Amino acid sequence: MKEALFSYLFSNSELSPLSLLAKSSQALFVEYGLWSWALEEASDRYNTKIVDLEKAMKTGENSMIELRRDHEESVSLIARLDAHVMALKGKYKETPLPILSHFLTFSILFISFLCYLLPIAIASFAEVGNESPFTYSEGSGKGPKEWGHLNPDWKLCETGKLQSPIDLLTGKLQVQPNLGKLKRDYKPAPALVKNRGHDITVRWKGEAGKININGTDYELLQCHWHSPSEHTFNGTRYELELHLVHISAHRGIAVIAIVYKYGRPDPFLTRLFHHIKTINGKEEKHLGIVNPGDIKFGSRKYFRYMGSLTVPPCTEGVVWTVINKVRTVSRDQVKALRDAVHDGFEANARPTQPLDGRPVLFYTPRMNSGSF
């Protein structure tokens, strides 16, 4: 794989990436050099890792836990490479379109090739399904700072470099109007509400629609709430945060986050209010047909970054879209969500995590970068 990759990079063809980039700006060439280094690192690591995993799957020498650890590392590195692509996209607005298009297409194809080779089926992408031996209370021995020690599969909660949530600092954003409007196509489908102990979740049983990010479809699976909000804005934490969790055909995860402050009741929670107040223990209740399109975003502006799940196992490689609009929710609605979860999970927000150099992009339909 490495030989074929670098043969393509350094071929004499006028259409090779190196030949095309040599005709563009010096800045883009430097960026491409850094990107090529990242690809070389990935190629070296995964040529060995893929062979090891294939042997393990045939011989059973490795345990499932070891395989999962290997895959978590793979997802983490691929996500970092993808973050480079996101940062480069739109950065060189004056670069001739064929050059930039060829470069980005090559990058995306290479990442897709890596994803295809990895044994994704054995990995655990799901959040913990119900109340587990973790809490949100520091000092309990099971709080967020200890999550990485509670279970071998949760080590990314401590060692990961793409962790969520984060503080969204408007002074450090990269405004990217060409990210494009968030494409969502939701539709009504049967759903149920479940108390997972650490949160209240609405799960759709049928096809409830999808979103599209960079040409990839992500199907809607479920939504759940955190109180107070997990993401902060310039250090400000709001009263509630809704997460809409989506998954692609290749098991990639994309989450849309909406934050709320106290005010008028939220229409979607009003629809579910009685069910949330009467749900007991780990009970599930059928809701009938629920339209996720009833969840209002309120703004076309959004933040975009690469992160992780915010509960164990803290899986990385999650594409986060945080809506810029702060919507409203009533005190009674927040209280109902807090009262329904199990003791110790009334406040179920993970502390913000370091950015570690990740780019945070901001989409706005207007070119005015001072408008947030």
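Below, the figures for the structure above:
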read-out: Under 13 Å, Cβ to Cβ, from Gly209 - net charge with Lys/Arg +1 and Asp/Glu -1; value: -1
read-out: Set Lys183/Lys261; Lys142/Lys187; Lys210/Lys301; Lys183/Lys205 screened for pairs whose C-alpha atoms are more than 27 Å apart; value: Lys142/Lys187
read-out: Around Gly293: net Lys/Arg minus Asp/Glu count, Cβ-Cβ under 13 Å; value: +3
read-out: Shape call, region 175-305: gyration tensor on alpha carbons, a/c limit 1.5; value: oblate
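Values quoted throughout were computed directly from the atomic coordinates according to the rules given, and no laboratory measurement underlies them. Nothing here was measured: the structure is a model prediction, and the numbers come from that model. Cβ coordinates were reconstructed from backbone atoms using ideal geometry, including for glycine residues, and neighbour counts include every protein chain displayed.
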